[in-house]
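Trainee: Please see the structure below; I have some questions.
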Amino acid sequence: MVSRSDGEQVLSYPIPSEAALEPPAEWERLRQGCPVARVRLPSGDEATLLTRYEDVRQVLSDPRFTRQLTADDAARLSESGGVFNGGLGNSIPQGGEGHQHWRRMVGKWFTAKRMIALRPSIEAMAERLVDEMVALGRPADLKASLGFPLPVYVICDLLGVPAADRDRFSYWSDTLLNLTRYGQAEIDAAQAEFVTYMAAHVAARRAEPGDDLLSELIRSSDAEGGGLPDGALVATGQGLLVAGHETTANMIGKMVGMLLADRRRWERLLADPSLVRPAVEEALRFDANPGFGMPRYLGEEVEISGTLLPRGTTVVCSMASANRDESVFDTAGDMDLGRTPNPHLAFGAGAHSCIGQSLARTELQVVLEVLLRKLPTLELAVPVGELHRLDGLIVGGLRELPVRW
């Protein structure tokens, strides 16, 4: 076992990559020789970066590593703090039975049965958006035409909020998820507006319930007496709106970009559409541009890979690097559309794994099925080297995905 030494090199984080769809070469070096690395975050604070699969899975599943990133000695991600250091999650229990109770209540809306019921409406929306994109002519930005609006419409419908407000939702989400774009005063003002909006929506749903997630949570809370307080309902609505706007929206663009970057992948799916489901899982594993990673705060001393981490350490888990770990995934650097099993960590692990992952999977599968059926000649409209990453965004994404057909 070794303790961290003051002479150890400190890397700037996030680690840049030269290509939008390729991983930083540094990941492999770190996995091989420095799996527990010291990094300096955009805020200037130091944290510990984990890049190996087993270490990342261990930390994400270990209750000693918490989401208490507002602790006095926790590292700030950026000067403005961002979503992880902000107050959004404080109204939702972050651990123990309280968190499990919250997951049970919200998770009822993301069961396999509900996803099967939701699938036809998602498919109809995807087809309409593709038709509109085609009608406007080529080339088109698939992210703006399909990748962004589809998850927005779905999550707005799920929450019972008007999709007409999507521009406001997009701005509020961006102030939470962008580490470099906004000053603190603008972030505070935007989040105050977001809370006010969602609180009013919760109140309206309590007065006139609908057939949506928040109405059902309110009904369950009022009936059980021990349900979710209004603060948790507001935070739940905010969290799901943010996730619905940014994570899946960006993943749609990245997934299609990966498949078209080497068009033999697209041709393979055209020849065998049964590969859509494993192809979605492989795109999630292969994503080299997932954003920041998952931070955790250590409330007690713990050893990881022979390195002793003291209490107060902030750990950043790179799920994307872990998903390229050759000790777990054969030919990890290749995109294998038929890969199975595929125990990737794109949705995290343990008690805090992504609660909406079934919805994200459904949307990604539907998008791929619709595009393969309606636009079999789809291809990139620019060389893959001309695709650009979004700067500063916690969840990672492409600025645009120019396509033609």
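Trainee: Of all residues in region 340-379, count the ones that are β-branched (Val, Ile, Thr) and within 16 Å of the chain's Cα centre (by Cα). Working first, answer last.
Mentor: Initial filter on region 340-379 (β-branched (Val, Ile, Thr)): 340, 355, 362, 366-367, 370, 377.
Subset that is within 16 Å of the chain's Cα centre (by Cα): 355, 362.
Adding up the residues that qualify gives 2.
Trainee: Answer yes if at least one residue in region 238-246 is assigned to a helix (DSSP H, G or I), touching a strand residue (DSSP E or B) at 6+ places or on another chain (Cβ under 9 Å), in contact (Cβ under 8 Å) with a residue 12 or more places away in the chain and surrounded by 15 or more Cβ atoms within 10 Å (Cβ to Cβ), and no otherwise.
Mentor: Yes, region 238-246 has at least one match.
Trainee: Next question. Return yes or no: is Phe286 touching a Pro at 6+ places or on another chain (Cβ under 7 Å), farther than 16 Å from Leu146 by Cβ and either of a type outside the set (Lys, Arg) or surrounded by fewer than 24 Cβ atoms within 10 Å (Cβ to Cβ) (or both)?
Mentor: No.
Trainee: Could you say which residue among Arg138, Arg103, Arg119 is in contact (Cβ under 8 Å) with a residue 12 or more places away in the chain and not in a helix (DSSP H, G or I)?
Mentor: The match here is Arg138.
Trainee: Here's another thing I want to ask about it. Which ones in region 176-223 are surrounded by 13 or more Cβ atoms within 10 Å (Cβ to Cβ), β-branched (Val, Ile, Thr) and without any contact (Cβ under 8 Å) to a residue 24 or more places away in the chain?
Mentor: The answer is Ile218, and nothing else.
Trainee: Taking region 17-60 as the search range and keeping residues that are in contact with a Ser or Thr (Cβ under 6 Å, 6 or more places away or on another chain) and polar (S, T, N, Q), which one is nearest to Glu300 (Cα to Cα)?
Mentor: My answer is Thr48.
Trainee: In this structure, does Tyr153 turn out to be among the aromatic types (Phe, Trp, Tyr), farther than 14 Å from Gly237 by Cα and in a helix (DSSP H, G or I)?
Mentor: yes
Trainee: While we're on this one: Kindly evaluate Val367 against the criterion of being in a helix (DSSP H, G or I) and crowded, with 20+ Cβ neighbours inside 10 Å.
Mentor: Here the answer is yes, as Val367 does meet what is asked.
Trainee: Let me ask something else. Would you be able to say whether some residue in region 250-259 is under 11 Å from the mean Cα position of the chain (by Cα) and either modelled with pLDDT under 95 or within 22 Å of Pro24 (Cβ to Cβ) (or both)? Quick ask: steps written out before the conclusion?
Mentor: If we filter region 250-259 for residues that are under 11 Å from the mean Cα position of the chain (by Cα), which is where we start, we get 250-251.
Still in the running and either modelled with pLDDT under 95 or within 22 Å of Pro24 (Cβ to Cβ) (or both): 250-251.
Yes, because at least one residue in region 250-259 is under 11 Å from the mean Cα position of the chain (by Cα) and either modelled with pLDDT under 95 or within 22 Å of Pro24 (Cβ to Cβ) (or both).
Trainee: How about region 58-70: which of its residues are surrounded by fewer than 21 Cβ atoms within 10 Å (Cβ to Cβ) and either outside any loop (DSSP other than H, G, I, E, B) or at pLDDT 90 or above (or both)?
Mentor: Gln58, Ser61, Asp62, Pro63, Arg64, Thr66
Trainee: Now for a separate question. Going residue by residue through region 372-389, is there one that turns out to be within 18 Å of Leu49 (Cβ to Cβ), part of a loop (DSSP other than H, G, I, E, B) and modelled with pLDDT of 95 or more? Before the answer, list the steps.
Mentor: Kept after step one, since they are within 18 Å of Leu49 (Cβ to Cβ), are these residues of region 372-389: none.
Checked region 372-389: no residue is within 18 Å of Leu49 (Cβ to Cβ), part of a loop (DSSP other than H, G, I, E, B) and modelled with pLDDT of 95 or more.
Trainee: Could you look through region 7-53, keep only residues that are touching a residue at least 24 places away in the same chain (Cβ under 8 Å) and in a helix (DSSP H, G or I), and pick out the one that is surrounded by the fewest Cβ atoms within 10 Å (Cβ to Cβ)?
Mentor: Filtering first and then ranking leaves Glu28.
The values are calculated or read from the model by the stated rules, or taken from the named source; none is laboratory data. Everything quoted here is computed from the prediction, not taken from an experiment. Ideal geometry is used to build each Cβ from the backbone, glycine not excepted, and the neighbour counts take in all protein chains shown.
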